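Reviewing the structure listed below.
The values are calculated or read from the model by the stated rules, or taken from the named source; none is laboratory data. Remember, it's a predicted structure, so these values are computed and weren't measured experimentally. Every residue, glycine as well, gets a Cβ built from its backbone with ideal geometry; the counts of neighbours run over all protein chains shown.
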Amino acid sequence: MTTLEQADERRWGFGDVGIGLAASLVLSTLIGGVILSIAGWQSGGDGPDTVPMWGLALLQIPLWAGYLGAVWYAGTKGGGIVRDFHAHLRPVDVPLGLVVGIATQLLVLPALYVPVFWLTSATEDDLSRPAEELSQRADGTLSWALFALLVGIIAPIVEELFYRGLLLRSAEKRGASPWAAVVISALIFAAMHLQPLQFPGLAAFGLIAGALVVLTGRLGPAIMAHIGFNLTTVVVLYLQR
């Protein structure tokens, strides 16, 4: 089969990206609201957040379902998730990705935020507060293990399949150069976290993860980098508890 024929059979694109983004927001809002109401938990607002760690895991399912559902649906309109979105993992991707992810968290982000802190009134405490508030739900070994699983393993896999898989390849399919597609996917990835202060760091990581995908032709290194990036935060928070 020629490259042109392969491109013609890939009937997915930005429409599927939009479906995934909309579905993740709608499902997490509607189903999440039902779960909070039934369980009697309070999340956000003026009062204390009473959602336990296992409850947070439950609330993530609708969000991830929107992302994964869009990736799966798009894959059915082409050659499948593995071929169309380059969802391959080689042994070398594990150490390569982990080193890149850890280095990004420990070296790149601190350097990146020096001018941010200097130019704004934000502090390092402000930057780390969302992760710290999330970790406060963990009140035992099992809770910390669940926290590590959610933040360090599942979220990176889901987000890389969607943002560096479906989204990045959709941008390329619409004519963007590989590096322009990296920038597009990184900016949308950072914006969808809805955390203004974290935006520069998330965008920087998105650029690095996208570069790994472009340079290797595989999602494996980006997934492992994301795992290393997130798990570094989990380990630091655990040691500081």
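So the values come out like this:
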item	result
Cβ-Cβ under 6 Å pairs, at least 6 apart or on other chains, the range 66-78 side closer than 10 Å to Leu21 by Cα, far side of a type in the set (Phe, Trp, Tyr) and crowded, with 20+ Cβ neighbours inside 10 Å	Tyr67/Phe162
Hits in the range 109-166 - residues which are farther than 24 Å from Leu239 by Cβ, touching a helix residue (DSSP H, G or I) at 6+ places or on another chain (Cβ under 9 Å) and either modelled with pLDDT under 90 or of a type outside the set (Phe, Trp, Tyr) (or both)	Val116, Thr120, Ile157, Val158, Glu159, Glu160, Leu161, Arg164, Gly165, Leu166
Single residue of Val82, Val100, Val92 found to be farther than 27 Å from Ala70 by Cα, among the hydrophobic types (A, V, I, L, M, F, W, C) and surrounded by fewer than 20 Cβ atoms within 10 Å (Cβ to Cβ)	Val92
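Residue by residue, here is whether (1) of a type in the set (Ser, Thr, Tyr); (2) over 19 Å from Trp41 (Cβ atoms) holds:
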{"residue": "Pro110", "(1), (2)": "no, yes"}
{"residue": "Tyr113", "(1), (2)": "yes, yes"}
{"residue": "Thr120", "(1), (2)": "yes, yes"}
{"residue": "Glu132", "(1), (2)": "no, yes"}
{"residue": "Asp139", "(1), (2)": "no, no"}
{"residue": "Trp144", "(1), (2)": "no, yes"}
